[in-house]
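S.K.: Let me give you the structure first, and then I'll get to my questions.
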Amino acid sequence: MTDSRPDTGTDTAHDRGTQAAPAPALVPAPRRAAWAPSARGAFVLGAGTRLDAHPGTEAVARWLRSSVGAATGLPLAPGDGEGDDRVVLAVDPGLPAEGYRIAVGEDTVRVDGGSAAGVFWGAQTLRQLLGPDAFRRAPVHPGREWTLPLGTVEDAPRFGWRGLMLDVARHFMPKDDVLRQLDLMAAHKLNVLHFHLTDDQGWRIEIRRHPRLTEVGSWRARSKYGHRASELWDDTPHGGHYTQDDIREIVAYAAERHITVVPEIDIPGHSQAAIAAYPELGNADVVDTSALTVWDDWGVSRNVLAPTDHTLRFYEDVLEEVLALFPSDFVHIGGDECAKDQWRASPAVQARIAELGLAGEDELQAWFIRHFDRWLAERGRRLIGWDEILEGGLAPGAAVSSWRGYQGGVAAAESGHDVVMCPEQQVYLDHRQAPGDDEPIPIGYVRTLEDVYRFEPVPPSLSAEAAAHVIGTQANVWTEVMQNRSRVDYQTYPRLAAFAEVAWSELPPSHERVFADFERRMESHYARLDALGVGYRPPAGPRPWQRRPGVGGRPIEGTPPVV
């Protein structure tokens, strides 16, 4: 056998009989892989192949039958633990919890994992080994032969938090589209969905104790077309929300794929939708909160929560219902971009600052955060917030999502707080992918596929002790300029594949990832994305229907021009 990272070759072995490609193009790259010469043959997956699921792996077997079974047309009937021509799923406690080992022989395939999660990630690799057609919803060529190359893969993730933040507040994403994103996350071995459910422009989760949050707060009268500098508007009302039953379905669907859903309820800023629904939550002594509507612009609203006991009790009500729906250890409370103008101008807020003995507005925000840190801790949960929660003093036990570069994460980690690295300069996927004029709505930094691939979540300046507090990383999908699923696809993929490798795969000894190697493997991975129906940005540039309206011909019908 030859020992190598699976970084070359294609997934078209089934088109050449049973001679398997020597080095399948796996994304993300595993730690170790060894492949037998193709002349040795392959494991043939056929109608008689049994799927032998040992205790603890039954859910993985169900997923294989519903995905690979559907794509191949093979029954993958339950096995009896004996005989050849079978795929065996088993938990091996000797492996890392999310680690796995695949051993492909001529008669048997074993997928062992340190836990059910490890077996599931091994099953994702198994699907990649079968080729891109294994990602389809139904067989393309019924009766064809499916093969796996002989060899072994040993793998485990670098980080425990491998996340995607999905903003459904700026543009609502229907439940089925969220479930689809969970499938795409699983295909890339990502395991945390940071669910951004509330913001100035919309409140997306049903709270039964406070029904106006969705009756009023989930709809806005219009939306700005383009980013902040745009003067163009779409006058169609926009909105939607998830019922509590919807949330339960999303959380359960994610759990079957070993993905944790971390909810975000943003406080004390980014709260205009909530204030529009319940004006008493705002600073009524400096602004007529009864006249506020759900915000129709992008950027930072000046309307923030009033630091009253009523506001605290209100959000405790909200979080009680949130905790009942989301079993995640972490709950995200935002804490970012809290404009303090109204607090400075409000006699009531200034009296509150004096009453609490605080030094000013920054300490008032820290007081707000610490209240909910204690409240969550009393219920066995952990608070996580954007790096602004560092201002005025970080709440004990809180974790930080470092988005304004690395600095906040470095400061938090050196202080002993856990950190999820997600700097906007590297992993904000709403930013443009190329400098060309044909990008659909070109905003932000240019961040190419290679830029994302070269992102390193752990700054070299961190001490070893502090580096251990970098519990993971995530890519953030803010949807101001993503009105629908096709726009989310275009901005997110293929860059999320590059990010997934950063989050999963160990750095090479040189501490330098080889982009040319990744590009070669992506040649196969694009075919997988095609099979999954993902409208990604091709490496050569946008397709005609993805281009900025008016570039290279007349504007796309029905699409407003952009500035």
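The values are calculated or read from the model by the stated rules, or taken from the named source; none is laboratory data. Please read these numbers as outputs of a predicted model, since none were measured by experiment. Here the Cβ is made from the backbone with ideal geometry for all residues, glycine too, and neighbour counts use every protein chain on show. For accessibility, only protein heavy atoms count, side chains too; no ligands or nucleic acids. Shrake-Rupley method; radii C 1.70, N 1.55, O 1.52, S 1.80 Å.
S.K.: Quick one: is Arg520 part of a helix (DSSP H, G or I), within 26 Å of Gly239 (Cβ to Cβ) and open to solvent by 20 Å² or more (accessible area, probe 1.4 Å)?
M.R.: Working: part of a helix (DSSP H, G or I): yes; within 26 Å of Gly239 (Cβ to Cβ): no; open to solvent by 20 Å² or more (accessible area, probe 1.4 Å): yes.
Judged against the criteria, Arg520 is not a match.
S.K.: Let me ask you something else. Considering only residues that are among the hydrophobic types (A, V, I, L, M, F, W, C) and open to solvent by 30 Å² or more (accessible area, probe 1.4 Å), which ones fall in the stretch 523-551? Don't jump to the end; show me each part of the working.
M.R.: Initial filter on the stretch 523-551 (among the hydrophobic types (A, V, I, L, M, F, W, C)): 527, 529, 531-532, 534, 540, 545, 551.
Across the stretch 523-551, the qualifying residues are Ala527, Leu532, Ala540, Trp545, Val551.
S.K.: In this structure, does Phe120 turn out to be within 28 Å of His141 (Cα to Cα), open to solvent by less than 10 Å² (accessible area, probe 1.4 Å) and either part of a helix (DSSP H, G or I) or modelled with pLDDT under 95 (or both)? Give the derivation first.
M.R.: Details: within 28 Å of His141 (Cα to Cα): yes; open to solvent by less than 10 Å² (accessible area, probe 1.4 Å): yes; either part of a helix (DSSP H, G or I) or modelled with pLDDT under 95 (or both): yes.
When the stated conditions are applied, Phe120 passes them.
S.K.: OK, next. Kindly indicate whether any position in the stretch 28-35 is surrounded by fewer than 20 Cβ atoms within 10 Å (Cβ to Cβ), farther than 25 Å from Tyr526 by Cβ and more than 31 Å from the chain's Cα centre (by Cα).
M.R.: So far as the stretch 28-35 goes, no, none of its residues is surrounded by fewer than 20 Cβ atoms within 10 Å (Cβ to Cβ), farther than 25 Å from Tyr526 by Cβ and more than 31 Å from the chain's Cα centre (by Cα).
S.K.: Here are some residues: Arg381, Arg313. Which one is at pLDDT 95 or above and more than 30 Å from Trp161 (Cα to Cα)?
M.R.: Values: Arg381 fails: more than 30 Å from Trp161 (Cα to Cα).
None of the others qualify; the one that does is Arg313.
S.K.: Checking Gly202 against (1) open to solvent by less than 10 Å² (accessible area, probe 1.4 Å); (2) closer than 18 Å to Leu64 by Cα, which test does it fail?
M.R.: (2)
S.K.: For the stretch 277-295, how many residues meet the condition of being touching a strand residue (DSSP E or B) at 6+ places or on another chain (Cβ under 9 Å) and either among the hydroxyl-bearing types (Ser, Thr, Tyr) or open to solvent by less than 40 Å² (accessible area, probe 1.4 Å) (or both)?
M.R.: As a first pass, look at the stretch 277-295 and keep what is touching a strand residue (DSSP E or B) at 6+ places or on another chain (Cβ under 9 Å): 277, 293-295.
When the remaining residues are screened for being either among the hydroxyl-bearing types (Ser, Thr, Tyr) or open to solvent by less than 40 Å² (accessible area, probe 1.4 Å) (or both), the result is 277, 293-294.
Looking only at that region, the number is 3.
S.K.: Right, something else. May I ask you to say which residue of Arg62, Arg110 is more than 25 Å from Arg32 (Cβ to Cβ) and not in a loop (DSSP other than H, G, I, E, B)?
M.R.: On the way: Arg110 fails: more than 25 Å from Arg32 (Cβ to Cβ).
Going through Arg62, Arg110 in turn, just one is more than 25 Å from Arg32 (Cβ to Cβ) and not in a loop (DSSP other than H, G, I, E, B): Arg62.
S.K.: Here's a follow-up. Can you name the condition, by its number, that Ala169 falls short on among (1) farther than 15 Å from Ala500 by Cβ; (2) open to solvent by less than 20 Å² (accessible area, probe 1.4 Å); (3) part of a helix (DSSP H, G or I)?
M.R.: (3)
S.K.: Only one of (1) within 19 Å of Arg228 (Cα to Cα); (2) in contact with a Pro (Cβ under 6 Å, 6 or more places away or on another chain); (3) modelled with pLDDT of 95 or more is not met by Arg432, so which one is it?
M.R.: (3)
S.K.: Can you find a residue that is of a type in the set (Asp, Glu), modelled with pLDDT of 95 or more and surrounded by fewer than 22 Cβ atoms within 10 Å (Cβ to Cβ) anywhere in the stretch 398-415?
M.R.: Going residue by residue through the stretch 398-415, those that are of a type in the set (Asp, Glu) are 414.
The next check asks that each one be modelled with pLDDT of 95 or more; those that pass are 414.
Checking which are surrounded by fewer than 22 Cβ atoms within 10 Å (Cβ to Cβ) leaves us with 414.
Yes, because at least one residue in the stretch 398-415 is of a type in the set (Asp, Glu), modelled with pLDDT of 95 or more and surrounded by fewer than 22 Cβ atoms within 10 Å (Cβ to Cβ).
S.K.: Please state which one of Trp146, Trp161, Trp233 is hydrophobic (A, V, I, L, M, F, W, C) and closer than 27 Å to Glu320 by Cβ.
M.R.: Details: Trp146 fails: closer than 27 Å to Glu320 by Cβ; Trp233 fails: closer than 27 Å to Glu320 by Cβ.
Exactly one residue qualifies, and that residue is Trp161.
S.K.: Condition first: without any contact (Cβ under 8 Å) to a residue 40 or more places away in the chain, assigned to a strand (DSSP E or B) and within 25 Å of Ala23 (Cα to Cα). Can you find one or more residues in the stretch 97-105 that meet it?
M.R.: Within the stretch 97-105, the subset without any contact (Cβ under 8 Å) to a residue 40 or more places away in the chain is 97.
In the following step, the residues that additionally are assigned to a strand (DSSP E or B) were identified as none.
No: the stretch 97-105 contains no residue that is without any contact (Cβ under 8 Å) to a residue 40 or more places away in the chain, assigned to a strand (DSSP E or B) and within 25 Å of Ala23 (Cα to Cα).
S.K.: Now for a different question. How many residues are assigned to a loop (DSSP other than H, G, I, E, B) and touching a strand residue (DSSP E or B) at 6+ places or on another chain (Cβ under 7 Å) if we restrict to the stretch 353-405?
M.R.: Keep residues of the stretch 353-405 that are assigned to a loop (DSSP other than H, G, I, E, B), which gives 357-360, 378-381, 391-398, 403-405.
Filter once more, keeping what is touching a strand residue (DSSP E or B) at 6+ places or on another chain (Cβ under 7 Å): 381, 395, 397-398, 403.
Counting residues in the stretch 353-405 that are assigned to a loop (DSSP other than H, G, I, E, B) and touching a strand residue (DSSP E or B) at 6+ places or on another chain (Cβ under 7 Å) gives 5.
S.K.: Would you be able to say whether some residue in the stretch 496-503 is under 22 Å from Ala23 (Cα atoms) and out of contact with any Phe, Trp or Tyr (no Cβ under 9 Å at 6 or more places or on another chain)?
M.R.: Yes, that holds for at least one residue.
S.K.: Within the set of pairs 6+ apart or on separate chains, which have a first residue in the stretch 168-182 that is closer than 21 Å to Thr236 by Cβ, a second that is of a type in the set (A, V, I, L, M), and C-beta atoms under 6 Å apart?
M.R.: From the stretch 168-182, the pairs are His171/Met482.
S.K.: Please tell me if Phe372 is out of contact with any Phe, Trp or Tyr (no Cβ under 8 Å at 6 or more places or on another chain), under 18 Å from Leu281 (Cβ atoms) and open to solvent by less than 30 Å² (accessible area, probe 1.4 Å).
M.R.: On the way: out of contact with any Phe, Trp or Tyr (no Cβ under 8 Å at 6 or more places or on another chain): no; under 18 Å from Leu281 (Cβ atoms): yes; open to solvent by less than 30 Å² (accessible area, probe 1.4 Å): yes.
No.
S.K.: Then there's this: Which is touching a Gly at 6+ places or on another chain (Cβ under 8 Å) and hydrophobic (A, V, I, L, M, F, W, C), of Val470, Val458, Val502, Val477? So that I can check it myself, show each step before the final result.
M.R.: Working: Val458 fails: touching a Gly at 6+ places or on another chain (Cβ under 8 Å); Val502 fails: touching a Gly at 6+ places or on another chain (Cβ under 8 Å); Val477 fails: touching a Gly at 6+ places or on another chain (Cβ under 8 Å).
On inspection, the qualifying residue turns out to be Val470.
S.K.: Within the stretch 81-107, restricting attention to residues that are of a type in the set (Val, Ile, Thr) and within 28 Å of the chain's Cα centre (by Cα), which residue is least open to solvent (accessible area, probe 1.4 Å)?
M.R.: Going through the stretch 81-107, the residues of a type in the set (Val, Ile, Thr) turn out to be 87-88, 91, 102, 104.
When the remaining residues are screened for being within 28 Å of the chain's Cα centre (by Cα), the result is 91, 102.
Values: Val91: 58, Ile102: 1 Å².
Looking at residues that are of a type in the set (Val, Ile, Thr) and within 28 Å of the chain's Cα centre (by Cα), I get Ile102.
S.K.: Only one residue in Val427, Val446, Val481 is closer than 23 Å to Asp167 by Cβ and surrounded by fewer than 17 Cβ atoms within 10 Å (Cβ to Cβ), so which one is that?
M.R.: Values: Val427 fails: surrounded by fewer than 17 Cβ atoms within 10 Å (Cβ to Cβ); Val481 fails: surrounded by fewer than 17 Cβ atoms within 10 Å (Cβ to Cβ).
Residue meeting the stated conditions: Val446.
S.K.: Another question, then. Mind checking which pairs have a first residue in the stretch 25-37 that is under 16 Å from Gly99 (Cα atoms) and a second that is among the β-branched types (Val, Ile, Thr) and open to solvent by less than 10 Å² (accessible area, probe 1.4 Å), Cβ under 6 Å, 6 or more apart or different chains?
M.R.: Once the first residue is under 16 Å from Gly99 (Cα atoms) and sits in the stretch 25-37, its partners that are among the β-branched types (Val, Ile, Thr) and open to solvent by less than 10 Å² (accessible area, probe 1.4 Å) give Pro30/Val153; Ala33/Val153.
S.K.: With the requirement that a residue be farther than 26 Å from Pro142 by Cα, surrounded by 15 or more Cβ atoms within 10 Å (Cβ to Cβ) and in contact (Cβ under 8 Å) with a residue 40 or more places away in the chain, what does the stretch 41-58 give you? Don't jump to the end; show me each part of the working.
M.R.: Applying the first criterion (farther than 26 Å from Pro142 by Cα) to the stretch 41-58 yields 54-58.
So of that shortlist, the ones also surrounded by 15 or more Cβ atoms within 10 Å (Cβ to Cβ) come out as 54, 57.
Selection gives Thr57 alone.
S.K.: Which members of the stretch 321-336 meet the condition of being out of contact with any Phe, Trp or Tyr (no Cβ under 8 Å at 6 or more places or on another chain), in contact (Cβ under 8 Å) with a residue 24 or more places away in the chain and either in a helix (DSSP H, G or I) or among the acidic types (Asp, Glu) (or both)?
M.R.: Glu321, Val322, Leu323, Leu325, Asp329
S.K.: Further question: Please report, ordered by residue number, the helices (runs of 4 or more DSSP H) entirely within the stretch 210-316 with at least 2 residues that are of a type outside the set (A, V, I, L, M). If you could, list the steps in order and put the result at the bottom.
M.R.: On the way: elements: 212-215, 244-256, 272-277.
Once the helices (runs of 4 or more DSSP H) in the stretch 210-316 are filtered for at least 2 residues that are of a type outside the set (A, V, I, L, M), what remains is 212-215, 244-256.
S.K.: Pick from the stretch 142-154 the residues that are out of contact with any His (no Cβ under 7 Å at 6 or more places or on another chain) and assigned to a loop (DSSP other than H, G, I, E, B): which of them is most open to solvent (accessible area, probe 1.4 Å)?
M.R.: Residues of the stretch 142-154 that are out of contact with any His (no Cβ under 7 Å at 6 or more places or on another chain), as a first pass: 142-143, 148-154.
From what's left, assigned to a loop (DSSP other than H, G, I, E, B): 142-143, 150.
Working: Pro142: 108, Gly143: 82, Leu150: 10 Å².
My answer is Pro142.
S.K.: Residue check: is Arg432 within 26 Å of Ala531 (Cα to Cα), without any contact (Cβ under 8 Å) to a residue 40 or more places away in the chain and surrounded by fewer than 22 Cβ atoms within 10 Å (Cβ to Cβ)?
M.R.: Details: within 26 Å of Ala531 (Cα to Cα): yes; without any contact (Cβ under 8 Å) to a residue 40 or more places away in the chain: yes; surrounded by fewer than 22 Cβ atoms within 10 Å (Cβ to Cβ): yes.
So Arg432 fits the description; yes.
S.K.: Give Pro157, Pro132, Pro139, Pro174 a once-over and let me know the one that is at pLDDT below 95 and open to solvent by 10 Å² or more (accessible area, probe 1.4 Å).
M.R.: Values: Pro157 fails: at pLDDT below 95; Pro132 fails: at pLDDT below 95; Pro174 fails: at pLDDT below 95.
Step by step, each of Pro157, Pro132, Pro139, Pro174 is checked, and only Pro139 is at pLDDT below 95 and open to solvent by 10 Å² or more (accessible area, probe 1.4 Å).
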